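Just so it is clear, none of the values below were taken in a lab; they were calculated from the coordinates. Here the structure is a predicted model, which means the values were calculated and not measured. Cβ coordinates were reconstructed from backbone atoms using ideal geometry, including for glycine residues, and neighbour counts include every protein chain displayed.
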Amino acid sequence: MHSFGYRANALLTFAVTILAVMCAMASLSDNFNSPTPSAQVQVLNINWFQKHQDGNDEVSLALNVSANLQSLFTWNTKQVFVFLAIEYETPMNSLNQISLWDGIIPAKEHAKFWIQTSNKYQFVDQGSNLRGKDFNLTLHWHVMPKTGKMFADKIVMSGYRLPQEYR
Amino acid sequence: MDWQGQKLSEQLMQIMLLAFAVGAFATGYVIGSFQMMMLIYAGGVVLTTLITVPNWPFYNRHQLNWLDLSEAEKHPKPQVQQHISSSSKKKSSKK
């Protein structure tokens, strides 16, 4: 500590070490948050339901997504990525998972939302298994923190069924 | 900066940084603002730098009192015995 340079170096080193500890504590403090998110999805309409020439079923859905994800936000949350996936079982795959809609929630004020939309991404089956198919709609989210560990969770909504006939 | 001053500046630096870190974290957590934590801590680091890095006069209050020259003359250094003749012979033989 006898010279300007040594003192500046010691201070910088110690300050950055403490900063790392603070960031680690901020990340750990996220574990005290026990979120209670809620979500509902309604299938308003089936815009079209058809079989492509290559034999794959395609469906276009009109959806009403409403969710309250405000409890996911803590002081260490940068943003929340949320996506709605359709999930169903076919003889070929035990789990088919297709993202229909996604969004980025930049702040807690925007975390209570509803949106009426057609599926943002194409919903095409691998084959022709969709007539009369039961499916789940699952709202997945990834909580992106300012520092530290990322959290992910989901809400599964079941009890949906596609019609028996193409339209 | 004298010895006491160096000790003081190091302790001041550590205590101030820790205090600002604790204060910044507590404030940020309570008001729920990560940015406020960073701002308080950054301010604390700047303030600590200004206080502990430059050689302020109050770090130089304990000047070393060197002994008077007469003390050294009263207690002369023990002299090392030298073998000049033998070492010079070795060197010359190598050359």
Review point. Do we have any residue at all in the stretch A:27-49 that's in contact with a helix residue (DSSP H, G or I) (Cβ under 8 Å, 6 or more places away or on another chain) and within 14 Å of chain B (Cβ to nearest Cβ)?
Key: yes
Check your understanding: Tell me, which helices (runs of 4 or more DSSP H) wholly within the stretch B:1-79 include 2 or more residues that are within 7 Å of chain A (Cβ to nearest Cβ) and free of Cβ contacts under 8 Å to residues at least 12 places away in the same chain?
Key -> B:3-31, B:34-52
Check your understanding: Taking the stretch A:87-145 as the search range and keeping residues that are in contact with a helix residue (DSSP H, G or I) (Cβ under 7 Å, 6 or more places away or on another chain) and surrounded by fewer than 17 Cβ atoms within 10 Å (Cβ to Cβ), which one is farthest from A:ASP57 (Cα to Cα)?
Key -> A:LYS108
Review point. Going through the stretch A:73-125 one residue at a time, which ones are in a strand (DSSP E or B), basic (Lys, Arg) and either within 14 Å of chain B (Cβ to nearest Cβ) or free of Cβ contacts under 8 Å to residues at least 24 places away in the same chain (or both)?
Key: A:LYS78
**Study point:** Meets criteria (under 30 Å from A:LEU139 (Cβ atoms), in contact (Cβ under 8 Å) with a residue 40 or more places away in the chain and out of contact with any Cys (no Cβ under 6 Å at 6 or more places or on another chain)) for A:GLN70
**Key:** yes
